[in-house]
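S.K.: Have a look at the structure that comes next, please.
The values are calculated or read from the model by the stated rules, or taken from the named source; none is laboratory data. Remember, it's a predicted structure, so these values are computed and weren't measured experimentally. Cβ placement follows ideal geometry from the backbone for every residue including glycine, while neighbour counts extend to all protein chains displayed. Keep in mind that these areas ignore ligands, DNA and RNA; they rest on the heavy atoms of the full protein, side chains included. Shrake-Rupley method; radii C 1.70, N 1.55, O 1.52, S 1.80 Å.
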Amino acid sequence: MKLLLAIVNNDDSARASAALTEHGFFVTKLSTTGGFLMVGNTTLLIGTEDGKVDEVKKILKKYCTTRKQAPSPTDSLGRGLRQASLPTEVSVGGATVFVLNVEDTMKI
Ligand code: 2BA
């Protein structure tokens, strides 16, 4: 059993989670914030069998696109006075995926 943590763009999260559930996966959506841009993104939690991890990755790849994003002036608030080091544009996504081993899972 694996747990995938997939950090995706808010604009892609609805389509990605709909596609995952259509394919029979169980998904939990968390509203999260990127530490660099300090803007909202979505973290999807997907628990699945080892043999289905590649299918999840394939679906995420299909629905999560890479974007160029310029940090807005307020994005720097979380980084205090280091605003001068901000790049003019960064490449964000499609999805950043972590695959974790799950020791046990149960629904009680
Ligand atoms: P943010 O932290 O807001 O990062 C947005 C984009 O800014 C990143 O896109 C990357 O292109 C750039 N970036 C982030 N940290 C940087 C740094 N220290 N120096 C230079 N550039 C940096 P992605 O890599 O596609 O990441 C999108 C979002 O996924 C991130 O939003 C963060 O929420 C999450 N993420 C990515 N890698 C992560 C990691 N290793 N651990 C935890 N969260 C991660």
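S.K.: Can you confirm whether region 16-35 contains a residue that is of a type in the set (F, W, Y), farther than 26 Å from M106 by Cβ and in contact with an Asp or Glu (Cβ under 9 Å, 6 or more places away or on another chain)?
M.R.: Taking every residue of region 16-35 in turn, none turns out to be of a type in the set (F, W, Y), farther than 26 Å from M106 by Cβ and in contact with an Asp or Glu (Cβ under 9 Å, 6 or more places away or on another chain).
Residue by residue, here is whether (1) at pLDDT below 95; (2) farther than 14 Å from K62 by Cα holds:
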residue: N9; (1), (2): no, no
residue: T21; (1), (2): no, yes
residue: T28; (1), (2): no, yes
residue: M38; (1), (2): yes, yes
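S.K.: Between a residue in region 59-82 that is farther than 14 Å from N41 by Cα and any residue that is modelled with pLDDT under 60 and open to solvent by 50 Å² or more (accessible area, probe 1.4 Å), which pairs come within a Cβ distance under 6 Å, given they are 6 or more apart or on different chains?
M.R.: Short answer, once both residue conditions are applied: S76/Q83.
S.K.: Residue by residue through region 33-60, note down the ones that are open to solvent by less than 50 Å² (accessible area, probe 1.4 Å) and either in a helix (DSSP H, G or I) or more than 21 Å from V102 (Cα to Cα) (or both).
M.R.: If the condition is that a residue be open to solvent by less than 50 Å² (accessible area, probe 1.4 Å) and either in a helix (DSSP H, G or I) or more than 21 Å from V102 (Cα to Cα) (or both), then G34, L37, V39, G40, N41, T42, V53, V56, I59, L60 are the ones that fit.
S.K.: OK, next. Filter region 35-55 down to residues that are within 12 Å of the ligand (Cβ to nearest atom), without any contact (Cβ under 8 Å) to a residue 40 or more places away in the chain and more than 10 Å from the chain's Cα centre (by Cα), then give me how many there are.
M.R.: Total satisfying the criteria: 2.
S.K.: I'm trying to understand the selection: among the residues of region 3-32, which are outside any helix (DSSP H, G or I) and either within 13 Å of the ligand (Cβ to nearest atom) or open to solvent by less than 10 Å² (accessible area, probe 1.4 Å) (or both)?
M.R.: Across region 3-32, the qualifying residues are L4, L5, A6, I7, V8, N9, L30, S31, T32.
S.K.: What is the number of the single condition among (1) part of a helix (DSSP H, G or I); (2) within 9 Å of the ligand (Cβ to nearest atom); (3) at pLDDT 95 or above that T96 does not meet?
M.R.: Only one criterion in (1) part of a helix (DSSP H, G or I); (2) within 9 Å of the ligand (Cβ to nearest atom); (3) at pLDDT 95 or above is unmet by T96, namely (1).
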